[in-house]
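Chemist: Quick one: this structure, given as structure tokens, is what I'll be asking you about.
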Amino acid sequence: MKINQSVELTAGLFMLLGLAALLFLAFEATDVGGFGKEGSYQISARFSNVGDLKPRAPVAVAGVNIGTIEAITLEPDSFEALVTMTIDARYDQLPTDTSASIYTKGVLGDKYVELEPGGSPDYLRNGDELFIAQSAVVLEELVSKYLFNSDTESSDEE
């Protein structure tokens, strides 16, 4: 009887350690808490098309993650997507003429925002908006443009 209890206790502890390890890996893999509200500031940019950009997607400069997408809303007047980004306070020297572009990780990966710093001597502050923004490139649109352009060129030559 005593051997059964120690085996069950050992198995239970092993299961608890396994669950704790899985939770740790889940938090590390998803970057939960990587960029908190404190020690950060928010900027925004307007895009005509965000593709499938999602909240909590990374914001990067030169491939280095410096923040996350906080929210994506539709502006009722201009019908543009307003993307609000939370940037870590360590990166508080982004020039005001910084541009934002939406890129895809790999061929079929997730979308993210890449910031390209400009040369202005002034820096972005909480609540500022980026005025240079390049929308997402949608693969289906590129394919259809290529197909239609090749058809119109061949019909013009005849």
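Chemist: Calculate, in nm to one decimal, what F14 and D52 gain on full extension: separation in residues at 0.36 nm each, minus their alpha carbon distance.
Modeler: Computed gain between F14 and D52 is 9.6 nm.
Chemist: With axes computed from alpha carbons, what is the tilt in degrees of helix 2-30 against the longest principal axis of the chain, rounded to the nearest 10 within 0 to 90?
Modeler: Computed tilt is about 20 degrees.
Chemist: Once you have the Cα-Cα distance between A89 and V64, take 0.36 nm times their residue separation minus that, and quote the gain in nm to one decimal.
Modeler: Fully extending the segment from A89 to V64 adds 7.6 nm.
Chemist: Mind checking segment 52-118 for chymotrypsin sites (Phe, Trp or Tyr not before Pro) that DSSP puts in a loop (not H, G, I, E or B) and that have at most 13 other Cβ atoms within 10 Å?
Modeler: Here the sparse-neighbourhood loop sites are F79.
Chemist: Indicate the gyration tensor shape class of the chain (rounded, prolate or oblate), computed on the Cα atoms with a ≥ b ≥ c the square roots of the eigenvalues: a/c under 1.5 is rounded; otherwise a/b larger than b/c is prolate and the rest oblate.
Modeler: Oblate, because a/c is 1.5 or more while a/b does not exceed b/c.
Chemist: Right, here's the next one. How about segment 60-123: which trypsin sites (Lys or Arg not before Pro) there lie in a loop by DSSP and see at most 15 other Cβ atoms within 10 Å?
Modeler: K105
Chemist: How much length would be gained if the chain were fully extended between I3 and D110, taking 0.36 nm per residue of separation minus their Cα-Cα distance, in nm to one decimal?
Modeler: 33.4 nm
Chemist: Given charges of +1 on the Cβ of Lys and Arg and -1 on the Cβ of Asp and Glu, with all other atoms neutral, how large is the dipole of the chain about its Cα centre, in debye to the nearest 20?
Modeler: It comes to approximately 1200 debye.
A short reminder: the numbers here are calculations on the coordinates, not readings from a lab. In this text, all values refer to a predicted model and were calculated from it rather than measured experimentally. Please note: Cβ atoms are built from the backbone with ideal geometry, for glycine as well, and neighbour counts cover all protein chains shown.
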